[in-house]
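Note sheet for the following structure.
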Amino acid sequence: ATDLQLHGQSVLVTAGGTRERLDPVRYLTNDSSGKMGYALATAARDLGAQVTLISAPTMLTVPAGVAYVGVDSAEAMRTALLARYQTAQMVIMAAAVADFRPVTVADNKIKKTTADYTLTLTKNPDILAELGQQKHQQFLIGFAAETQHLLTYAQKKLASKRVDMIVANDVASAHAGFNHDTNEVTILQPNVEPQTLPLASKQVIAQQILQIALATRRNQQQK
Ligand code: C5P
């Protein structure tokens, strides 16, 4: 049916901000609420997809009819994605993946000292770039959350991560980005003029992102 454009297809959606542990009671994270990812999972489900939502912890309710895989760290998210990537038709990386993690995780609670405490961080794997390297049939969508130079940085990600689409998000805006129920994004695709989706609910933005992705994928397949 024309209204079930993802009928039976496997769609992986990541959401939330990853948690990078320092010790048994502490972690580093970010302001991602998971709302955009959950809205995308819902919208893909409504188009008939078999959706797997791979999510870092959030305050949200898992949408009905969506398979849920709870993860914490970037490394756990990577493992969950790679295990399902080969058979996926579409992957949407809406998660705010931590760029760094503590180099060691203490077995016990780190004790207070009188001196300053220095935390050393190491680079996390760039999951989206890795998926881009391994891409064959998958339509790959990444996000770019920035507080400045949004389109310049987003354009770089489109090329360097070998994705089909970047959804650029100004997280410094008053009505868009982290923890808001609304969003305003610009869609970047290779060889296509950037397309801005005006301020709307994350549910509506999610539906529009999927419609644009499906139209692009149809064009790719006709070539
Ligand atoms: O490079 P940057 O973190 O801004 O790229 C954002 C995009 O890359 C998002 O789609 C995010 O989910 C993904 N990402 C990732 N692994 C990382 C960092 C970001 O997959 N370590």
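A compact table of results
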quantity: Residues being open to solvent by less than 40 Å² (accessible area, probe 1.4 Å) and touching a Phe, Trp or Tyr at 6+ places or on another chain (Cβ under 9 Å) - total across the range 96-123; calculated: 3
quantity: Any hit, the range 79-95, residues being open to solvent by 70 Å² or more (accessible area, probe 1.4 Å), β-branched (Val, Ile, Thr) and assigned to a loop (DSSP other than H, G, I, E, B); calculated: yes
quantity: Cβ-Cβ under 9 Å pairs, at least 6 apart or on other chains, the range 175-196 side under 16 Å from Leu210 (Cα atoms), far side basic (Lys, Arg) and outside any loop (DSSP other than H, G, I, E, B); calculated: Asn183/Lys35; Asn183/Lys202; Leu188/Lys157
quantity: Residue check, Asp116 free of Cβ contacts under 8 Å to residues at least 24 places away in the same chain and closer than 29 Å to Pro24 by Cα; calculated: yes
quantity: In the range 39-61, the residues that are under 18 Å from Gln208 (Cβ atoms) and either open to solvent by 40 Å² or more (accessible area, probe 1.4 Å) or part of a helix (DSSP H, G or I) (or both); calculated: Ala39, Leu40, Ala41, Thr42, Ala43, Ala44, Arg45, Asp46
quantity: Residues of the range 88-100 classified as in contact with a Ser or Thr (Cβ under 6 Å, 6 or more places away or on another chain) and over 20 Å from Phe178 (Cβ atoms), total; calculated: 2
quantity: Where a residue in the range 62-85 is of a type in the set (D, E, K, R) and its partner, wherever it lies, is open to solvent by 30 Å² or more (accessible area, probe 1.4 Å) and modelled with pLDDT of 95 or more, with Cβ under 6 Å and at least six apart; calculated: Asp72/Arg19; Arg78/Pro125
quantity: Selection within the range 124-164 - more than 8 Å from the ligand (Cβ to nearest atom), open to solvent by 10 Å² or more (accessible area, probe 1.4 Å) and not in a helix (DSSP H, G or I); calculated: Gln134, Lys135, His136, Gln137, Thr147, Gln148, His149, Arg162, Asp164
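Every residue, every condition in (1) at negative phi; (2) of a type in the set (Gly, Ala, Ser), yes or no:
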{"position": "Gly8", "(1), (2)": "no, yes"}
{"position": "Gly17", "(1), (2)": "yes, yes"}
{"position": "Tyr27", "(1), (2)": "yes, no"}
{"position": "Asp31", "(1), (2)": "yes, no"}
{"position": "Gly34", "(1), (2)": "no, yes"}
{"position": "Arg45", "(1), (2)": "yes, no"}
{"position": "Leu53", "(1), (2)": "yes, no"}
{"position": "Pro57", "(1), (2)": "yes, no"}
{"position": "Ser73", "(1), (2)": "yes, yes"}
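The values are calculated or read from the model by the stated rules, or taken from the named source; none is laboratory data. From a predicted model like this one, the values you see are computed outputs, not experimental measurements. Cβ: placed from backbone, ideal geometry, glycine included. Neighbour counts: every protein chain shown. These area figures cover heavy atoms from the full protein model, side chains too; ligands, DNA and RNA do not enter into them. Shrake-Rupley method; radii C 1.70, N 1.55, O 1.52, S 1.80 Å.
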